[in-house]
Amino acid sequence: MSTLRIAQSLIDEIVAHAREDAPNECCGMIGGVDGEARTVYRAENAEASPLRYSIDAGEQFRLMREIEGAGEELAAIYHSHTKSAAYPSQTDINLAGWPEAVYLIASLADADAPEVRGFWIRDGGIADAELRVE
Ligand SMILES: [Zn+2]
């Protein structure tokens, strides 16, 4: 379980996406190289819901090709919580399908101080992922 290095500008992009899509959750993927996040790829929340998110299979496929085409790998999956803390919900755990990616959650629960945290979600368990914001 390694650290994910991520620029503050990428964190800001995720928070901006969360604010644009509120009250629904936003979601997307982050491409990276050698444990360093490089690019935010916005996705559409197919659920269009304030309580859950999903990226449909066709969009997942398209984004993965974009990530690989850029010479990156899937470093993280992100989504927002507009009313709750930046911590995985039971739904997030149940639906987590990428054991090798960090799950980033951006919380807007405190509108003046959005919080982004990272987690590993594997085999139904949650572990904190260390983010090194640069
Ligand atoms: Zn969630």
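Quick grid of which residues meet (1) closer than 16 Å to LEU4 by Cβ; (2) at pLDDT 95 or above:
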position	(1), (2)
GLU36	yes, yes
TYR41	yes, yes
ALA48	no, yes
GLU72	yes, yes
PRO114	no, yes
GLU134	yes, no
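Would you check if there is a residue in region 26-48 being within 14 Å of the ligand (Cβ to nearest atom) and exposed (fewer than 14 other Cβ atoms within 10 Å of the Cβ)? Within region 26-48 (the criterion being within 14 Å of the ligand (Cβ to nearest atom) and exposed (fewer than 14 other Cβ atoms within 10 Å of the Cβ)), the answer is no, since none of the residues qualifies. Scan region 92-110 for residues that are in contact with a Pro (Cβ under 8 Å, 6 or more places away or on another chain) and closer than 12 Å to MET29 by Cα and the total you get is 2.
Of all residues being out of contact with any helix residue (DSSP H, G or I) (no Cβ under 7 Å at 6 or more places or on another chain) and closer than 22 Å to ALA46 by Cβ in region 104-122, which is nearest to the ligand (Cβ to nearest atom)? Just the residue, please. Going through the qualifying residues, I end up with ILE105. Applying a threshold of 7 Å to beta carbon distances and a minimum spacing of six or more residues, or different chains, the list of pairs starting in region 41-55 at a residue that is closer than 12 Å to HIS81 by Cβ and ending at one that is hydroxyl-bearing (Ser, Thr, Tyr) reads PRO50/THR82; ARG52/THR91.
Being in contact with a Ser or Thr (Cβ under 8 Å, 6 or more places away or on another chain) and assigned to a loop (DSSP other than H, G, I, E, B) is a property that does not hold for ARG132. Do we have ARG52 as basic (Lys, Arg) and away from the ligand (no atom under 16 Å from the Cβ) here? Criteria not met by ARG52. Looking at region 10-35 only, could you name the residues that are more than 15 Å from TYR78 (Cα to Cα) and without any contact (Cβ under 8 Å) to a residue 40 or more places away in the chain? Across region 10-35, the qualifying residue is only ASP34. Considering ILE77, ILE93, ILE126, which residue is buried (at least 19 other Cβ atoms within 10 Å of the Cβ) and in contact (Cβ under 8 Å) with a residue 24 or more places away in the chain? Step by step, each of ILE77, ILE93, ILE126 is checked, and only ILE77 is buried (at least 19 other Cβ atoms within 10 Å of the Cβ) and in contact (Cβ under 8 Å) with a residue 24 or more places away in the chain.
The values are calculated or read from the model by the stated rules, or taken from the named source; none is laboratory data. Quick caveat: nothing in here was measured; it's all calculated off a predicted structure. Note that we place each Cβ from the backbone using ideal geometry, even for glycine, and neighbour counts take in every protein chain shown.
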